[in-house]
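Presented below is the structure to which this report refers.
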Amino acid sequence: MDLEAAHGAAAAPGKQRRRRARESWGASLLLAYQSLGVVYGDVATSPLYVYKSAFAGDDIQHSAGNEEIYGVLSFVFWTLTLISLVKYVLIVLRADDGGEGGTFALYSLICRHVRAGLLPGGAGDELAVGGRRDARAMSRLRAMLERYRVLQRLLLLFALLGTCMVIGDGVLTPAVSVYSAVSGLELSMEHEHHKYVQLPVTCAILIGLFALQHYGTHRVGFIFAPIVCVWLLCISAIGVYNIVHWNHHVYRALSPYYMYQFLKKTQTGGWMSLGGILLCVTGSEAMYADLGHFSQSSIKIAFMSVVYPALVLAYMGQAAYISQHHSFENAYHIGFYVSVPEKLRWPVLVIAILAAVVGSQAVITGTFSIIKQCSSLSCFPGVKIVHTSSTVHGQIYIPEINWILMILCLAVTLGFRNTKHLANAQGLAVITVMLVTTCLMSLVIVLCWNKSIFLALGFLIFFGTIEVLYFSASLVKFHEGAWVPITLSFIFMIVMCVWHYGTIKKYEFDFQNKVSVNWLLNLGPSLGIVRVRGIGLIHTELVSGIPAIFSHFVTNLPAFHQVLVFLCVKSVPVPHVQPEERFLVGRIGPKEYRLYRVIVRYGYRDVQKDDIEFEKDLVSSIAEFIRSGDSHHNGVLEDTDKSCEKLSSISNGIPLWMEDGEVDASASPHKETDTQIISPNRKKARFVLPKNAQVDSEVRRELQELMDAREAGMSFILGHSYMKAKSGSSFIKRIVINFFYEFLRRNSRGPSYAATIPHASTLEVGMVYQV
């Protein structure tokens with residue numbers, strides 16, 4: 001019995017490990033199923049238009065020898081395999097920035113390992129979270145990026161180019177997907193009728209799609225995955241049927257030899273048709289951009305076990321059908337629906353439209369996410385961000401961007417009215433994003449993964465050569481629709497660059513004109529002004545020194561609160577900041593001055609709390625800093641003007657309850673000494689200190705004063721700056737600052753924290769910035 005018991009005890013840890021492994025495997029399978037509805041809707045609907053786009057125009061013609069269709073199939077297969085499977089699924093997905101993906105996440109990842117950030121409070125800032133620098137000797141490439149400002153600007157512009165093309169893809173993908181899905185009406189209706197129905201139906205679906213965005217994807221969450229699953233099952237089954245029924249030797253076209261034969265016969269026309277073939281990988285970037293919603297393993301499982309085999313069967317089935325039918329009057333009829341059995345066309349049409357809507361939804365949501373990232377890092381004007389899900393953080397809705405996307409999407413649909421030009425436009429946007437990802441990924445291999453530079457060059461040359469070939473074929477069709485993403489990206493690039501330039505100039509003005517701490521300390525404990533009850537929060541972009549807006553205020557109105565807090569809200573280039581690392585608290589001057597500096601850090605994926613929660617955490621953080629004392633700080637030590645400001649990254653060790661009505665004495669599990677003020681219908685704040693806490697009288701006095709100030713009320717002092725180019729500036733700078741930046745500032749949202757501040761407690765101080 002003892003031996004059996006001992007054996008059972010020894011086997012228990014093994015059983016627990018196997019149970020945890022099964023649970024982890026089950027969670028990955030569930031996420032993989034969910035990812036089908038969010039990530040793969042775009043790439044899954046590409047069979048609707050790839051062959052039609054490849055044979056559109058006069059580039060190539062479908063001949064009796066089938067060299068063209070076999071060559072296109074071979075290109076589609078190897079492009080899907082090398083770009084989607086090898087590059088994205090097996091390599092790029094590993095380059096996550098704290099679990100997040102996308103073009104801007106790659107830039108953020110590079111900046112956190114190299115001091116190459118140009119953004120205020122960015123990766124080069126002492127406030128950056130995570131991503132410790134490598135202790136070994138700095139590589140030559142790393143040294144060049146850190147030394148030369150022009151390389152840092154080029155890196156940022158390159159990342160913004162990819163970001164702008166992603167936004168352009170958000171305009172074009174819904175138009176292409178829905179229009180191609182609705183094009184099945186041409187085979188189910190008479191020619192005279194479908195041309196009057198197709199365009200209105202497409203526009204109606206697009207309007208409905210954008211109008212429903214404010215509900216959020218989580219409200220129809222599990223509906224999306226079954227639609228894509230049914231769609232993938234449908235196209236793979238039709239593919240198998242066509243292969244068996246029409247041409248079971250079509251698998252031979254998977255050989256790279258047919259690519260050579262295709263280019264040898266078609267030459268320039270075949271090269272130009274690559275602009276349509278590359279659409280088979282559209283949506284591959286979404287696998288990486290939506291990484292934050294799922295996990296690497298779930299995305300890999302879904303793609304390798306379901307999506308990839310279904311797409312290969314679908315493309316082979318279409319090629320098998322087309323290879324046995326040479327009676328098409330023109331290439332316009334070479335498409336997906338001709339290979340669908342006639343009895344199944346109407347059901348397949350309905351499923352295709354639903355799948356196109358799902359694919360469009362994923363791209364639109366991805367566009368919202370990347371706009372939020374850019375806005376958080378001062379590369380896009382402030383916009384209203386609505387979080388549509390309380391559980392899935394990445395699901396957001398931006399009203400302004402949503403309606404802009406809808407207007408642009410309807411404009412290109414009504415303007416082109418055919419799949420050819422829409423596909424040309426989408427192709428250039430897709431391949432540009434992929435080129436940017438390849439270049440940034442090669443830097444990640446060297447700078448972040450510390451791999452050999454030859455490995456990075458191999459990655460860049462191999463995938464870069466393939467993508468440059470497709471890029472050149474897409475760029476040639478500039479006059480046939482490819483000008484649309486270039487124009488859109490140019491407009492968005494101007495907006496981003498102007499906003500970033502203005503933000504940098506504003507930050508530099510604040511930094512150069514900040515007031516010396518010695519000036520403040522020389523005023524004495526009263527600061528030379530009347531100190532009234534309450535807490536005054538002064539918002540500033542500076543992490544050190546006193547902002548000019550404060551001296552401007554007290555010079556004109558010599559009165560201020562008994563407790564002053566200089567509050568700096570920073571967005572750092574990491575996805576999330578842990579709660580215990582969010583607040584950096586410091587003291588300015590002696591204790592009797594009651595001056596504090598609090599730096600609040602948010603990642604570009606973090607949700608900023610409402611005013612009640614924020615006030616509670618803020619005051620608790622200051623209270624914990626006071627209680628812990630100056631000898632226990634563990635954060636950043638800042639020396640400004642020969643006076644030290646001690647910044648401590650603290651945990652909220654002293655709880656602060658804020659409530660209406662009676663105080664709940666059971667809120668604390670142990671006995672406590674409360675200092676509290678109770679009055680009806682007022683918020684009450686109390687600090688809970690154990691009886692045996694070793695707290696001296698000075699600390700108690702400071703805590704009491706902080707609590708009294710909180711009870712008296714909290715006022716938010718916001719600087720309202722007006723930018724103006726100083727005299728002697730160049731003509732271009734005056735245009736950029738005085739007109740473009742000021743126009744964007746007046747028509748954009750203020751800081752996100754300002755939106756939650758009660759208007760009754762807000763005071764704006766206006767000031768002109770001569771930059």
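The values are calculated or read from the model by the stated rules, or taken from the named source; none is laboratory data. Not measured: the values here are computed from a predicted model. Note: ideal-geometry Cβ built from the backbone for every residue, glycine included; neighbour counts use all protein chains shown. Side chains are part of the model used for accessible areas, which takes the heavy atoms of the whole protein and leaves out ligands, DNA and RNA. Shrake-Rupley method; radii C 1.70, N 1.55, O 1.52, S 1.80 Å.
Here are the numbers:
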{"quantity": "Per residue Cα convex hull volume in Å³ - calculated over segment 387-480", "calculated": "143 Å³"}
{"quantity": "Pairwise label distance in nanometres, Met767 with Glu698, each label 7 Å out on the Cα-Cβ vector", "calculated": "3.2 nm"}
{"quantity": "Ordering of 157-167, 313-323 by burial proxy (mean other Cβ atoms within 10 Å per residue, highest first)", "calculated": "313-323, 157-167"}
{"quantity": "R0 of 56 Å, Cβ-Cβ distance Phe739-Glu592: FRET efficiency to nearest 0.05", "calculated": "0.70"}
{"quantity": "Segment Asn747-Tyr257, extension gain: residue separation times 0.36 nm, minus the distance between their alpha carbons", "calculated": "170.7 nm"}
{"quantity": "Per residue, in Å², the accessible surface of segment 381-490 once ligands and nucleic acids are set aside, probe 1.4 Å", "calculated": "40 Å²"}
{"quantity": "Net charge contributed by nearby residues that have their C-beta within less than 12 Å of Gly481 (K/R +1, D/E -1)", "calculated": "+2"}
{"quantity": "Greater than 28 Å apart at Cα, pairs in Lys514/Lys724; Lys570/Lys616; Lys591/Lys726; Lys343/Lys477; Lys87/Lys570", "calculated": "Lys591/Lys726; Lys343/Lys477; Lys87/Lys570"}
{"quantity": "Packing-based ranking, highest mean first, of 554-564, 300-310 given that Cβ atoms within 10 Å are counted", "calculated": "300-310, 554-564"}
{"quantity": "Whole-number accessible area per residue in Å² for segment 202-323, which is evaluated in the context of all protein chains at 1.4 Å", "calculated": "39 Å²"}
{"quantity": "Segments 589-598, 533-542, 486-495 sorted - mean Cβ within 10 Å per residue, highest first", "calculated": "533-542, 589-598, 486-495"}
{"quantity": "Label-point separation in nm, Leu82 to Val150, each point 7 Å along Cα→Cβ", "calculated": "3.4 nm"}
{"quantity": "Positive minus negative residues near Ile535 (Lys, Arg vs Asp, Glu; Cβ under 11 Å)", "calculated": "-1"}
